[in-house]
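Everything on this sheet refers to the single structure shown next.
Readers should treat all values here as calculations from the given coordinates under stated rules, not as data from a laboratory. These numbers come from a predicted model, not from an experiment. Cβ sites come from the backbone with ideal geometry, for glycine too, and all protein chains shown count toward neighbours.
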């Protein structure tokens, strides 16, 4: 790295001046070669290569070889050492300048975008008092999923300090602690599976009486796990990109399911629909042939909440994880989508805000 190269480079220049004596004294080759080679190549033993220092050592060695002839016309070694230094750093700076041109292209390819229009802020009434939903347990899962790739770090480096990006360019050296270098391959998100088709067609809503169809606690816990897994798949933490602030987000991938949620041994998911709370005056349910994906729901038709969904939404607004009940031979439940700390940067609002909900229809597992 450039900053790490400067101290040994300065020592090399000083050493070359000590070695370059005036006539008739010979050049002090042993001191320069032994100490200079240690400065130029010794760091390789600890996994740190400094190309500017290596090239400078070779350039100064050539300058010292020419010094006996040059000193007849030059009063000091300074012009020679200055030329060798400019040559050495110019040689290694050229790849860094080429990299900067590539980084500029990548900034156009993966620009900052504003989330103001894409992710409406939660409404104040969407934040309940005590939030029973397991935010503290869910946030580490989001964090772990988002760290499985260096893409976010590469996007941050690309849109961060351009001077730092220059001095950390590959031409200036490689260390074991080197930053992630932005490349098109690294920045391009890996394609996800397309949202699967809804397992079943929508059924006409039947009459629902609140308080009926009670489920055992063990089944409710299984449904909580099913919902948590579905939310994690839907938000896709690997696709968050780099979030500087709400107005500057790079590389974000829209939320969407890549598979049908499944973790309950007793029940199979037959349908999942998104309950929207932020874009319409009243809550609505988005209708789609596939499982919800935000980039496909912009133009999707909507319907009002049915009786069960209205009761379920009221429950999650009070802070419940899910609201579930038997309905005929199957099970229905509404699960909250709440803002964890990783969501606040794009969505605004506060941790725990209700961003939406999923309405599930389940049938007995075959």
Starting from 0.36 nm per residue, how many nanometres of slack lie between residue 144 and residue 365 once their C-alpha separation is accounted for?
76.5 nm
Taking a crude spin-label model, label points 7 Å out from Cα along the C-beta direction, the residue 102 to residue 62 distance in nm is 2.6
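Going highest first, how would you order 291-304, 64-77 by mean Cβ packing within 10 Å?
Going by the mean number of other Cβ atoms within 10 Å, highest first, we get 291-304, 64-77.
Please state the relative contact order of the stretch 206-338 as a whole percent: Cα pairs under 8 Å, 6+ residues apart?
Relative contact order here is 24 percent.
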Could you point to the label whose value was computed as Rg/Rh (Cα atoms, Kirkwood Rh) for the structure here, given (i) 1.25; (ii) 0.95; (iii) 0.97?
(i)
Over its Cα atoms, what ratio of radius of gyration to 2.2 N^0.38 Å does the stretch 1-131 give?
1.82
Cα-projected label distance for residue 232 with residue 253, points at 7 Å along beta-carbon direction, nm
1.6
Taking the Cα-to-Cβ direction at residue 329 and at residue 351 and moving 7 Å from each Cα, how far apart do the two end points lie in nm?
4.5
Find how much the distance from residue 290 to residue 116 grows on full extension, using 0.36 nm per residue of separation minus their present alpha carbon separation; answer in nm with one decimal.
60.0 nm
Given Cα pairs under 8 Å that are at least 6 residues apart, what percent is the relative contact order of the stretch 1-76?
37
For the Cα atoms of the chain, what angle does the longest principal axis make with the long axis of helix 307-317, in degrees from 0 to 90, nearest 10?
40
Based on the Cβ-Cβ distance from residue 245 to residue 86, what FRET efficiency comes out when R0 is 41 Å, to the nearest 0.05?
0.50
Using r as the Cβ-Cβ distance of residue 266 and residue 161, and R0 as 45 Å, what FRET efficiency do you calculate, to the nearest 0.05?
0.25
Report, in deg cm²/dmol and to the nearest 500, the calculated mean residue ellipticity at 222 nm for the chain, where each DSSP H run with n ≥ 4 adds -39500 (n - 2.57) and the sum is divided by the residue count.
-13500 deg cm²/dmol
